[in-house]
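Each remark here refers to the structure printed beneath this line.
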Amino acid sequence: MRLTAFSDIALRVLLLAGGAPEGERLTTRAIAEGVGAPYHHVTKTVGRLSGLGLLASSRGRTGGVSITSAGLDAGVGTLLRELEAGSAMVACEAPDGHCPLDHECRLRRALADAREAFYRALDDVRVRDLVSERQVGPVLLSIGMRPPGEPEGRPAVPAAPVP
């Protein structure tokens, strides 16, 4: 099964926000850079995840995005069901889709069952289970933030190598 680009970006955003030090807020621009996705896609994704209560976001000079406890506790299967709702696996599932074999089609049912089995396999996986400091730390450094576990007094950006 292939996830939509939207779901892929949403999972990356949650993993990055989940790995940020507690109390730190990420800007949408920094998230876009960190997850390697276009800024406008990340903005849309952050808005949706905020609407679902998985991210807390605030505007302004001191604003930013942070993951909520609901975001950390979200089941990946449940999250994907929400984000992938309405996504067609095959063309005939799309609202404007048509297939000459449509009459009593068994394929759609089989694919729907397979999709549900996929989601069920991810239901017990929580976002917090997937967050890895070793994975997120270098990304946070690359966008100018301190990685988890790094003392606050230390610089967020690595020093330039001495020639």
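Whether any residue in the range 110-120 is of a type in the set (Phe, Trp, Tyr) and surrounded by 17 or more Cβ atoms within 10 Å (Cβ to Cβ) is what I want to check. Scanning the range 110-120, I find at least one residue that is of a type in the set (Phe, Trp, Tyr) and surrounded by 17 or more Cβ atoms within 10 Å (Cβ to Cβ), so the answer is yes.
Exactly one residue out of VAL46, VAL35, VAL65, VAL42 is open to solvent by less than 30 Å² (accessible area, probe 1.4 Å), modelled with pLDDT under 90 and under 23 Å from ALA5 (Cβ atoms): that is VAL35. Please name all residue pairs, on different chains or six or more residues apart, with Cβ atoms under 7 Å, provided the first residue is in the range 100-128 and is in a loop (DSSP other than H, G, I, E, B) and the second residue is modelled with pLDDT of 85 or more. Listed pairs, sorted by first residue: ASP123/GLY75; ASP123/GLY77; ASP123/THR78; ASP124/GLY75; VAL125/GLY75; VAL125/VAL76.
The values are calculated or read from the model by the stated rules, or taken from the named source; none is laboratory data. What you see is a predicted model; the values in this text were computed from it and never measured. Positions of Cβ are generated from backbone atoms using ideal geometry, with glycine treated the same way; all protein chains shown enter the neighbour counts. The area values use the complete protein model at the heavy-atom level, side chains included, leaving out ligands, DNA and RNA. Shrake-Rupley method; radii C 1.70, N 1.55, O 1.52, S 1.80 Å.
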